[in-house]
Amino acid sequence: MYCAQRLSVRIDSKIILENLDAEFQSGEFCAILGPNGAGKTSLLRALTGDLPLLDGSVRFAGRDLHEWPIRDIARVRGVLPQISSLDFPFTVRDVIEMGRFPHRSTKVYNRQVVEETAEKCDCAHLLDRSFLHLSGGEQQRVQIARVLAQIWDDDAAGPRFLLLDEPVSALDLSHQYRIMQMLYELTRKRDIGVVCVLHNLNLAAQSVNRCLILDEGRLIADGKPSEVFTEETISNVFDIDIWIRQHPENPEIPYLIPKLEGQAGQKKSSLL
Amino acid sequence: MIPIDDVLSALAGLTGMADANSVDSQVATILAKIRIPRLVLGIIVGAGLAISGCVMQALFRNPMADPGLLGVSSGAALGAMITIVLGARIASGLPAGLVEHLIPVVAFAGGLCALAIIHRLSRINFRIDIPTMLLAGIALNSITGALIGLVSYISDDGQLRQLVFWGLGSLEVTNWTRIGISAAVIVPASVVMTCYARHLNANLLGENEARYLGIDIEGMKKMLVVLVSLIVGACVAMSGIIGFVGLLVPHLVRMATGPDHRLLLPACGIFGAVLLVLADILARTLITPAEIPIGIITAILGGPFFLWLLVRHRRKLAL
């Protein structure tokens, strides 16, 4: 559906992505993981078509990205960059409604979509407030609601995708899990594909059904969290020793604990 | 002052609602040749400048942007001033019809030259880079400022007085042809810009975000920059540089309507027209029979008012 082949990207003579193949399906919730500078955001931006490719191609629903009319692709694909700033005092309702830009739907319908997506992102109570007066986390939830509103129509002409760059970075613990849970349900119930860059590996392990692990522009691992989260892979890629344990209630879900020297609460070595 | 009764009866005469012979012909002439053209010009220029300012603020995603930022208005003023000072030498070889309108024509051309330079400088990889455009505009403004200084330095006393009116603006006009031509530029360009209201809303989220929403962002930037330049070039060609309208009006209106350009752009047009007409009344009447350049009125009233807004409503101004 969303298919990147032999992707190579270079920025100022530095190789950012190298010969990378990846295919994403609708109905799949996929996390892109890796250390800082691994090429996660570059992969996402290559998928959006923003980044000039040195080699390779990106195809969406059978067509090369550049063959897509910009308005048509906006009806089925929403993108949320890492940093989105807005310095004008729109209401939350106005901001979410901007997601309806590519559609020719009626005002009444748009209003309904705004209310449904706001509800999904727990910002229904914020609808009439000024976007500028919200906290960083609330603003992030509103932005997620905006891209949801963009691809909300179930009668869309093709497969629908969301590309999200660190969508929960500013959210508190409960909202992180709730938003990820909501996205997972979207992929299941509405056959939307979600690809998101994440930093919290445990959050990824509990929420997504596929993980790509990148390091230095190369694909290191690709599979279910339980398959790719091995002590060896994670230790090598993130350069930190870890334990991997099982979720107390679901053996399919791994969780990671970093091994830190002199960690608070840890007993000192018996040699001392 | 003309009494209101005379104005009404003269108007009735002009529009054919009353017998023309019963009307004071002197009053009718003043209205038809001086006052009404001036009113119409004030409406067109005020609306054009205010809408352009609003579009510039949205395009630059910066509430401090102003139509003068592109260097188009100072480029146009420079064109006008060069023509005033050196016009006699240029004009000798030109057809008479052109010579009559030489100042506004060269002013408009000067504005378009500034646009071409700015556009060329701020293009990186076939995209218009907005921060570069801002810096290039500032640099171009200071270069034209220096050249304007040079032109005023070599001018004689009579020319200098004319230059002052170009630099500070005046709605003085007695020529319906010129108003017609500038209206033919400013009115359609303003109407087209109001059609970009939702695009501009989305652009406030960021250029990438707007593109992800399905907007041809490069096409939009090119179109709007050209339209703003056409309007500003035509405004300066008709009435010199009138500052502060493009900056102040969008802020004032935004406080009442909110930032949604679907409402904001038309409201800016109406309010800009009203404001400039009122400013012109002050410019004409404060020290009658002499006239104060209207740019002085807009700046002297607008500046302190803007500062008051800044201090009082910092949050609402979105700074």
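The values are calculated or read from the model by the stated rules, or taken from the named source; none is laboratory data. The structure presented is a predicted model; accordingly, all values stated were derived computationally and were not measured. Backbone-built Cβ (ideal geometry, glycine too); neighbour counts: all protein chains shown.
Working carefully through the options B:Arg178, B:Arg161, B:Arg127, find the one that is among the basic types (Lys, Arg) and either free of Cβ contacts under 8 Å to residues at least 40 places away in the same chain or closer than 16 Å to B:Ser73 by Cβ (or both). Please lay out each step first, then the result.
Working: B:Arg178 fails: either free of Cβ contacts under 8 Å to residues at least 40 places away in the same chain or closer than 16 Å to B:Ser73 by Cβ (or both); B:Arg127 fails: either free of Cβ contacts under 8 Å to residues at least 40 places away in the same chain or closer than 16 Å to B:Ser73 by Cβ (or both).
That would be B:Arg161, the only listed residue that is among the basic types (Lys, Arg) and either free of Cβ contacts under 8 Å to residues at least 40 places away in the same chain or closer than 16 Å to B:Ser73 by Cβ (or both).
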Fill in the blank from the handout: How many residues of the range A:91-115 are in a helix (DSSP H, G or I) and either hydrophobic (A, V, I, L, M, F, W, C) or in contact with a Phe, Trp or Tyr (Cβ under 7 Å, 6 or more places away or on another chain) (or both)? The answer is 7
Problem - Restricting the range B:165-193 to residues that are assigned to a loop (DSSP other than H, G, I, E, B) and of a type outside the set (S, T, N, Q), the residue that is nearest to B:Gly53 (Cα to Cα) - result: B:Gly169
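Would you pick out the residues in the range A:10-25 that are in contact with a helix residue (DSSP H, G or I) (Cβ under 9 Å, 6 or more places away or on another chain) and either within 15 Å of A:Gly39 (Cβ to Cβ) or modelled with pLDDT under 90 (or both)?
Filtering the range A:10-25 down to residues in contact with a helix residue (DSSP H, G or I) (Cβ under 9 Å, 6 or more places away or on another chain) leaves A:11, A:16-17, A:20, A:22, A:24.
Those that are in contact with a helix residue (DSSP H, G or I) (Cβ under 9 Å, 6 or more places away or on another chain) and either within 15 Å of A:Gly39 (Cβ to Cβ) or modelled with pLDDT under 90 (or both): A:Ile11, A:Ile16, A:Leu17, A:Leu20, A:Ala22.
Within the range B:117-136, work out how many residues are hydroxyl-bearing (Ser, Thr, Tyr) and part of a helix (DSSP H, G or I).
Restricting attention to the range B:117-136, the residues satisfying the condition of being hydroxyl-bearing (Ser, Thr, Tyr) are B:122, B:132.
Checking the rest, the ones that are also part of a helix (DSSP H, G or I) come to B:132.
Count: 1.
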Handout entry: Selection within the range A:36-60 - away from chain B (no Cβ under 14 Å) and either farther than 28 Å from A:Asn200 by Cα or in contact with a Pro (Cβ under 6 Å, 6 or more places away or on another chain) (or both)
Key = A:Leu53, A:Leu54, A:Asp55, A:Gly56, A:Ser57, A:Arg59
Practice task
Go through the residues of the range B:191-212 one by one and say whether even a single one is surrounded by fewer than 22 Cβ atoms within 10 Å (Cβ to Cβ), at positive phi and within 11 Å of chain A (Cβ to nearest Cβ).
Solution key: yes
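When the range A:82-104 is examined, which residues are found to be over 17 Å from A:Ala149 (Cα atoms) and more than 9 Å from every other protein chain (Cβ to nearest Cβ)? Reasoning before the result, please.
Step one: of the range A:82-104, the residues over 17 Å from A:Ala149 (Cα atoms) are A:82-83, A:85-89.
Correct list: A:Gln82 only.
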Handout entry: Within the range B:8-34, tally of residues that are buried (at least 16 other Cβ atoms within 10 Å of the Cβ) and in contact (Cβ under 8 Å) with a residue 24 or more places away in the chain
Key = 3
Handout entry: Flag for B:Val185 being among the β-branched types (Val, Ile, Thr) and within 28 Å of B:Leu102 (Cα to Cα)
Key = yes
Exercise for the section: Would you be able to tell me the number of residues in the range A:61-81 that are outside any helix (DSSP H, G or I), within 9 Å of chain B (Cβ to nearest Cβ) and touching a residue at least 40 places away in the same chain (Cβ under 8 Å)? Expected result: 5
